[in-house]
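Here the structure comes first, spelled out in structure tokens, and everything after it is commentary.
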Amino acid sequence: MAFGTACLLFALPAGCGGGEPTPNEARLGAERTSPAEPPPSVGETVVAALGDSITAGSPLWDPDPAVRAQIGPAADPTSRYEYWVQRRMPEARFRNCGVFGERTDEIAIRLDGCAEGADVLIVQGGINDIAQMRRVRTAARNLRAMVTRGKRQGLRVALVEVLPWNNGGPAAAPRIRRLNKLIADIGADEGVPVFPWYGQLEDPQAPGSMKAEWTIDGDHPSVDGYRRLADVVEFP
């Protein structure tokens with residue numbers, strides 16, 4: 001698939017810009033990402049997983065019941081990294097705040113609603129900025145701002161690398177590598193861990209691409225791919 005066509009898989013109508021959310025945007029973000037939930041149990045770690053479709057578990061899962069209804073019988077709760085981390089760390093309770101198609105500026109609007117009452121914040125994003133031909137440095141700046149906001153709220157924060165993108169073609173690969181370098185710099189500057197997701201799914205025989213069995217559609221991980229992502233998740 002050509003790069004320009006593949007972008008459409010990630011693009012949703014963009015109604016959000018950079019900067020701080022308006023009161024209405026913040027309210028809608030909180031409603032979308034912070035459903036009613038019981039208070040944490042003693043010894044439980046609440047993890048706010050904030051990001052795009054990779055956090056959501058696409059294409060076989062989504063935290064939004066309406067989206068899962070559209071997926072239908074194929075919906076698979078194991079199609080998300082959070083499921084596999086929780087199997088390994090039963091004390092963790094994940095709050096899945098992944099929304100398909102969002103850029104980093106759109107993800108940032110939902111941070112406060114997602115992170116309220118959490119212990120850990122995992123920030124994921126950037127591929128939709130690349131798909132929509134936004135500047136890599138702007139995406140990195142948005143990711144850095146989310147890290148600093150999370151730290152100011154007293155959260156233990158982690159970042160993740162952007163995955164290889166098979167359907168992005170050769171045009172996307174160097175931009176992904178550049179963004180991952182900037183993400184590594186953010187982690188070093190801010191003293192937060194960066195989960196090495198790129199290498200977890202990259203095909204050593206086809207650098208810059210996910211291995212066939214670790215992707216379901218060239219855009220998102222397969223169930224086995226999500227399991228591999230979970231293997232390198234450790235709470236800060």
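Nothing in this text is a laboratory measurement; each read-out follows from the coordinates by a stated rule. Note that the coordinates shown come from a computational prediction; the quantities given were computed from them, not determined experimentally. Here Cβ is always computed from backbone atoms with ideal geometry, including for glycine, and neighbour counts include all displayed protein chains.
If you go through region 93-131 and pick out every residue that is within 18 Å of ARG178 (Cα to Cα), small (Gly, Ala, Ser) and in a helix (DSSP H, G or I), you end up with 1. Taking region 205-236 as the range and being in a helix (DSSP H, G or I), touching a residue at least 60 places away in the same chain (Cβ under 8 Å) and surrounded by fewer than 17 Cβ atoms within 10 Å (Cβ to Cβ) as the test, only ASP231 passes. When region 147-204 is filtered for residues that are touching a Gly at 6+ places or on another chain (Cβ under 7 Å) and assigned to a helix (DSSP H, G or I), the ones remaining, listed by number, are ASN166, ASN167, ALA173, LEU179, LEU201. For TYR198, the criteria (1) touching a residue at least 40 places away in the same chain (Cβ under 8 Å); (2) closer than 16 Å to SER53 by Cα; (3) out of contact with any strand residue (DSSP E or B) (no Cβ under 7 Å at 6 or more places or on another chain) hold in every case but one, which is (1). For region 51-62, the count of residues that are free of Cβ contacts under 8 Å to residues at least 40 places away in the same chain, in contact with an Asp or Glu (Cβ under 9 Å, 6 or more places away or on another chain) and over 19 Å from GLU234 (Cα atoms) is at least one. Quick check, is VAL123 touching a residue at least 60 places away in the same chain (Cβ under 8 Å), touching a Lys or Arg at 6+ places or on another chain (Cβ under 9 Å) and among the β-branched types (Val, Ile, Thr)? For VAL123, the condition - touching a residue at least 60 places away in the same chain (Cβ under 8 Å), touching a Lys or Arg at 6+ places or on another chain (Cβ under 9 Å) and among the β-branched types (Val, Ile, Thr) - is not met. The set of residues from region 72-112 being of a type outside the set (A, V, I, L, M), over 19 Å from THR45 (Cβ atoms) and over 15 Å from the mean Cα position of the chain (by Cα) comprises GLY72, PRO73, ASP76, PRO77, THR78, ASP112.
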